[in-house]
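Report on the structure given below.
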Amino acid sequence: MKKSADAGKRQEPRPGGRTRASGLSIMSGGRLIGPRLQSMQREPFEERSRLASTRLAEAAGQAGLLDVAYGYADSPFGPLLVAVTPRGLARVAYPERDEEETLERLAVEISPRILESGSATGQIRRELEEYFEGRRKVFSIGVDLSAVRGFGREVLRQTARIPFGSVATYRDMATRAGSPRATRAAGNALGANPIPIVVPCHRVVRTGGGLGGYTGGVERKVALLELEGVELPGRA
């Protein structure tokens, strides 16, 4: 049987394709590029993309075209989505919250002019890092509660005044907000708190001594109170 003239020869790469012998991709210029080199080439592009996004956000802010800037803060619970406006911090969302839904709500409740910006969210990211490391007891960043209406806003304003390491009851918060009998409404406002941790709804507990609920889950409520040195019943 006559052997093909090409038998035993290494297949030549085809422009834009792959060779079975090497499994390497081909650039338009004919150079072989392996997966590792492809990854290395993507990195500068991704870095340029991040820089471009930062510059765009800064330019939009300087031009008065950026109303909401968002970013991500590290935490023991995973990355927290944080959003700020010229008034202050407007949102802190736990990792399980749907990012797209959170941004859509910000667009409806505050403004659709939203961009990701590391520089604009730098202060709150630093302050949260210091808080979780035990180096900060008071947040200096202002808060923007414009998305909250009526009695609920007043409940959250009063909640923001609860000192580090202290707790108050739902009844306390209803009273401080001006409606002593509106305990249930106060609880609903705290459950819908858009700025947990910074507006410390984790410091509000039941009158009888129970923990009560929490927007981020009871386990996180316990973790935050223990971080602040609060002695919890049955956990001393």
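Just so you know, all these numbers are worked out from the coordinates, no wet-lab data involved. Being a predicted model, the structure only gives us computed values, none of them experimental. With ideal geometry, Cβ positions are generated from the backbone for all residues, glycine too; neighbour counts draw on all protein chains shown.
Observations
- With Cα atoms defining each centre, region 135-158 and region 164-236 are spaced 14 Å apart in the structure.
- When peptides 116-122, 177-183 are ranked by their average number of other Cβ atoms within 10 Å per residue, the highest-first order is 116-122, 177-183.
- Site pair residue 166 and residue 119 shows an inter-label distance of 3.9 nm when each label is modelled 7 Å from Cα along Cα→Cβ.
- Full-extension gain in nm, residue 74 to residue 137, via 0.36 nm per residue minus C-alpha separation: 20.9 nm
- Packing around the peptides 150-162, 132-144, taken as the average count of other Cβ atoms within 10 Å per residue, puts them in this order, highest first: 150-162, 132-144.
- Note: relative contact order over region 148-229, using C-alpha pairs below 8 Å and six or more positions apart, is 31 percent.
- Label point 7 Å beyond Cα of residue 219 along Cβ direction - residues of region 88-104 with amide nitrogen under 14 Å: 95-96
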